[in-house]
Structures are given as C-alpha cells and as structure tokens.
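The values are calculated or read from the model by the stated rules, or taken from the named source; none is laboratory data. Fair warning: this is a prediction, and the values are worked out from it, not measured in the lab. Here the Cβ is made from the backbone with ideal geometry for all residues, glycine too, and neighbour counts use every protein chain on show. Just so you know, the surface numbers come from the protein's heavy atoms only, side chains and all, with ligands and any DNA or RNA stripped out. Shrake-Rupley method; radii C 1.70, N 1.55, O 1.52, S 1.80 Å.
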Amino acid sequence: MKWLSVAEISKITMIPAPTARRYASLFKEYLSSRKMGRVTKYPESAVEIFKRIVNLYNEGLVTTEIEEKLRAEYPRTIEVSATERTVATQPSNMMQAELSGAFSEMMAHMTKSLEVVADQKSIIEEQREDIYKLKKAFVLLARSQKKIKALPQLDMSAIAGEYDERASALEQKDIELEEVTTELSQDNSALRGKVEVMEAELMRLRKDRRDMENYFLDKIKRLKS
C-alpha cells in the first residue's frame, strides 16, 4: 500500500496545502494514518475522502454537517504507528467540540426556559390579581341584589294602566287643541274679511266727505260773488 503525505495529497486533489492540513485535523477520525518519523502519512484511499470533503463544502454544508455525512459513509479510525494498527474509540477534538456545543446549547435552552418560567410566574400573579378583583366584584353584585330585593315590589300592571290613562288623556287634549286651533283660524279668516269690508267702506266715506266739502265750498264762493 502506498502512503501519501498531506503535501502529496494536496498536489493530487488540487487542494491548497493549508486547507488540506486543516481537513486532516478536522476529520482525522475518518482518515487512516501512520507516523513515519515526524511525518503523518495517509493511504491512497484517503484521497477519495479529501475529495469528498471538498465537494461537501462546495455544496454549502458546514463542518458539523460534513462530519455527519462522513460518519455515515466511512468508519472511524485513529492514528497508528508503523508497527501498530489499531482501531480505537477514544474521543477526538471534533467530539469534544460537539460536546462543548451541545453543552452550550443546553445552557441556552435552560436560560430560555428559566425566562419562560419567570414570565409565566408574572402572568400567574396577574391572573391571581384579576381573580381577586372578580371575587370582589361578585361580592358587591350579591350585596346589590340583596338591596334590590329589599325594595318594595312595583305593580307593573298598575303602572301600565296608569300610563295608558295618561296617554289617552293627552291624546284627547291634543284633539281638543287641534279643534280650537281650527276654529280660531276660521274666525280669523272671517274677521279678516270684515276688516277688508270696513276698510273699503271707510275709504268710500272719506271720498264722500271730500266731495261734500268741495260742493259746499263751491256754493259759498257762488254766494259771495
């Protein structure tokens, strides 16, 4: 089996060397490797994994999503020496990061839950205050009902009968007033006619007086002459 360094894998995959080293560090659980002196080398099969990682990043996945994809597609491994190849299950830096992220997320959820509990406590206190006000209102309503019951009961039929009598009387008064108004209107019309006749007669009398005055003045003038 041919073993390749990160620099060699970088040339084969066209991945920049710093990026290839970062991938090797982030996803070392899925890359078989062995120490050869001071250099860590990977089997030729690791080239496929590096290419897969690049493609997943190009698809827009983030590191945690890529880690889940690799977990489903490739077995986990750990670094082995030249004389020892072992598959182990010790925690990696990625798992520690996941645990740290999960713990932070759990703390955030807990903080949010505490805030919700505090809000609910405030709401409960407000509801208790509203319930107290409602109880007080019910007490006042019960007292008012007792006072109303203590008042003398009114005879509604008698009140209705009295109302009908008063309404009939008012209606009769209205009819009488209308008749009187009609009579006064007729009388006014008759008086207006009489006044017109009297005015005409008065004008005639004034004319007769002027004519008589003129007649006597004429007679006096004739006698003097």
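Kindly provide the set of residues from the range 7-39 that are open to solvent by less than 20 Å² (accessible area, probe 1.4 Å), touching a strand residue (DSSP E or B) at 6+ places or on another chain (Cβ under 9 Å) and either in a helix (DSSP H, G or I) or touching a residue at least 60 places away in the same chain (Cβ under 8 Å) (or both), ordered by number. Residues satisfying the conditions are Ile9, Ala24. Inspect all residues belonging to the range 99-110 and state whether any of them is open to solvent by 70 Å² or more (accessible area, probe 1.4 Å), of a type outside the set (Lys, Arg), modelled with pLDDT of 65 or more and at positive phi. There is no residue in the range 99-110 that is open to solvent by 70 Å² or more (accessible area, probe 1.4 Å), of a type outside the set (Lys, Arg), modelled with pLDDT of 65 or more and at positive phi.
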